2 protein chains.
Amino acid sequence: MTITENTTSPNVDNGVNVEALLGAREALSAAPAAAQFTFAATNEWVAGTHSRTTVDKFFGLGAEQAHRQPYSVDTDHPEIFAAADNGPTPPEMMLIGLAGCLTAGVASVAQNRGVQLRSVKATVEGNMDVSGILGIDPEVRNGYGAITVRYEIDADASRDELEAVVAQSQKRSAVYDVITNPTNVVVEVA
Amino acid sequence: MTITENTTSPNVDNGVNVEALLGAREALSAAPAAAQFTFAATNEWVAGTHSRTTVDKFFGLGAEQAHRQPYSVDTDHPEIFAAADNGPTPPEMMLIGLAGCLTAGVASVAQNRGVQLRSVKATVEGNMDVSGILGIDPEVRNGYGAITVRYEIDADASRDELEAVVAQSQKRSAVYDVITNPTNVVVEVA
């Protein structure tokens, strides 16, 4: 998620309600406890490396919130790892989340800056040396060595303006932050 | 993805082909170039903060690989952020990927250690102070402050054995590594 600043342009419609976001910023500035969110997901093993994760309720604005409907996503390992390939791999979900976050930000920032978007496409690539997860080389990390995101944007704006829109999206992206900075994760057995 | 070690138990079937994984480890130890993978995703803006990301082809074992079929996932912002809620939020995708990765690892490690699983459930929670993404407080990070994953496992094993299975999954998890350690991300406009 990325939410931005400045004024709005009535003639531009990217489908983002910037006025509401600016209102939320003002309201939460005065009520910081309401800005404490907890997102949640429940995961169930299906078989092999295949599992299903569902998001439904979350906490924010001081109360329990819910999606319009629960959303479930299956993940699995690919056939070349002798698995059944019933969905994206979990590392691919990182790329999906990153792209979804940055593109939501691009639409929001563009709206706020009066830039009408016609199309936005991004290609995301993540390099991984699987010598890490396979336990071949303890010096190789398990995760991605590097990730690149490349945008192609058709919009009423100069290349410089579009680069600035993408940079601002990146600056306020929750997922970009999660991937580029360390986050503490506790894993426990109930 | 998490892939593990040791011997297999013929009477235990969690649906994970551990022999193939051990064979892959042996083969890739002798051919490190084949261990260089590139995962990829393409993202297309739909409207507002709603976009659709698809995974299909990837590179590994020295050649282009493909999923059995393309998989697309929609992401969006929730209604309380004045958006249409057409899918999980991008930060929730981080929780989905983390749970999917750790559970695939639990099934694989359990298989390898001769632990028959009956059910595996995980609850994942991520705390986020949205004062970061809203630009209210520059001292607050955009991403999660902390994430917890809590497993409930029904299996033919002691609590200590199950805790060790979960710990080994965590040790070899690509997504756990991506979230807990920094990864370089380059974002550019084509």
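Since every read-out is calculated from the coordinates, none of them should be taken as a lab result. This one's a predicted model, so the numbers in the text were calculated from it and none came from an experiment. Here the Cβ positions follow ideal geometry from the backbone for every residue, glycine too, while neighbour counts run over all protein chains shown.
How large is the Rg to Rh ratio of the protein assembly as shown when both quantities use alpha carbon positions and Rh follows Kirkwood?
Numbers: Rg = 20.5 Å, Rh = 20.8 Å.
Over the Cα atoms of the protein assembly as shown, Rg/Rh equals 0.99.
Mean shadow of region B:11-142, computed from the convex hull of its alpha carbons, in nm²? Intermediate values should be presented prior to the final figure.
Working: hull surface 47.1 nm².
Over every viewing direction, the Cα hull of region B:11-142 projects on average to 11.8 nm².
Given the rule -39500 (n - 2.57) for each run of at least 4 DSSP H residues, summed and divided by the residues of chain B, what is its mean residue ellipticity at 222 nm, to the nearest 500 deg cm²/dmol? Show your work: numbers first, answer last.
On the way: 4 runs with 56 residues, N = 190.
Dividing the helical sum by the residues of chain B leaves -9500 deg cm²/dmol.
Summing Lys, Arg as +1 and Asp, Glu as -1, what charge do residues with Cβ under 10 Å from the Cβ of A:ALA110 carry, A:ALA110 excluded? Could the numbers behind the result be given before it?
Working: positive: A:ARG113; negative: A:ASP156, A:GLU161.
Combined, the nearby Lys, Arg, Asp and Glu give -1.
Calculate the spin-label point distance for A:GLU19 paired with A:GLU188, positioning each point 7 Å from the Cα along the beta-carbon direction, and give it in nanometres.
With each label placed 7 Å out from Cα toward Cβ, I get 4.6 nm.
Evaluate peptide B:152-160: per residue, the Cβ atoms of other protein chains within 10 Å of its Cβ; return the mean as an integer.
Details: counts 2, 3, 0, 0, 0, 0, 0, 2, 1.
The mean count of partner-chain Cβ atoms within 10 Å per residue comes to 1.
Along the charge dipole of region B:1-110, pointing to its positive end and built from +1/-1 on Cβ of Lys, Arg, Asp and Glu, which listed residue (B:ASN17, B:ALA27, B:PRO91) has its Cα farthest out?
B:ALA27
Could you work out the mean count of beta carbons from other protein chains within 10 Å of each residue's beta carbon in B:27-39? Please report the intermediate quantities before stating the final value.
Working: counts 1, 6, 5, 1, 0, 5, 0, 2, 10, 6, 12, 7, 14.
Mean shielding count: 5.
Gaussian network model of chain A, Cα springs within a sub-10 Å range: biggest mean-square fluctuation belongs to which of A:GLN36, A:GLN168, A:GLN116?
A:GLN36
Between region B:27-66 and region B:151-190, how many Å separate their Cα centres?
With region B:27-66 and region B:151-190 each reduced to a Cα centre, they are spaced 20 Å.
If we count every other residue with Cβ under 11 angstrom of A:HIS77's Cβ, Lys/Arg +1 and Asp/Glu -1, where does the sum land?
Numbers: positive: none; negative: A:ASP76, A:GLU79, A:ASP85, A:GLU92.
Net of charged neighbours comes to -4.
All other residues with a Cβ under 14 Å from the Cβ of B:GLY97 taken together, and with Lys, Arg as +1 and Asp, Glu as -1, what is their net charge? Don't jump to the answer; show the numbers that get you there.
Values: positive: A:ARG52; negative: A:ASP74, A:ASP76, A:GLU92, B:GLU92, B:ASP177.
Counting the neighbours of B:GLY97, the net charge comes to -4.
Lysines within cross-link reach of A:LYS171: Cα-Cα under 23 Å, excluding same-chain residues under 8 positions apart?
Those lysines meeting the cut-off are A:LYS121.
Quick check: the distance between the Cα centres of region A:104-145 and region B:80-130, to the nearest angstrom?
19
What is the gain in length, in nm to one decimal, between B:ARG118 and B:ASP137 on full extension, counting 0.36 nm per residue of separation less the C-alpha to C-alpha distance?
Values: separation 19, 0.36 × 19 = 6.84 nm, distance 4.62 nm.
My answer for the length gained is 2.2 nm.
Over chain B, with a Gaussian network built from C-alpha contacts below 10 Å, which listed residue (B:PRO88, B:PRO32, B:PRO138) shows the highest mean-square fluctuation?
In the Gaussian network model the winner is B:PRO138.
Which value, in debye to the nearest 20, gives the size of the charge dipole of chain B about its Cα centre, when Lys and Arg are +1 and Asp and Glu are -1 at the Cβ? Mind showing how you got there, number by number?
Values: 12 positive and 24 negative charges, 97 e Å.
Value, rounded to 20: 460 debye.
Taking every residue in B:17-26, how many Cβ atoms of other protein chains lie within 10 Å of its Cβ, on average?
4
Find, among the GluC sites (Glu not before Pro) in region B:57-155, those assigned to loop by DSSP (not H, G, I, E, B) with at most 10 other beta-carbon atoms within 10 angstrom.
Loop-located and lightly packed - B:GLU139.
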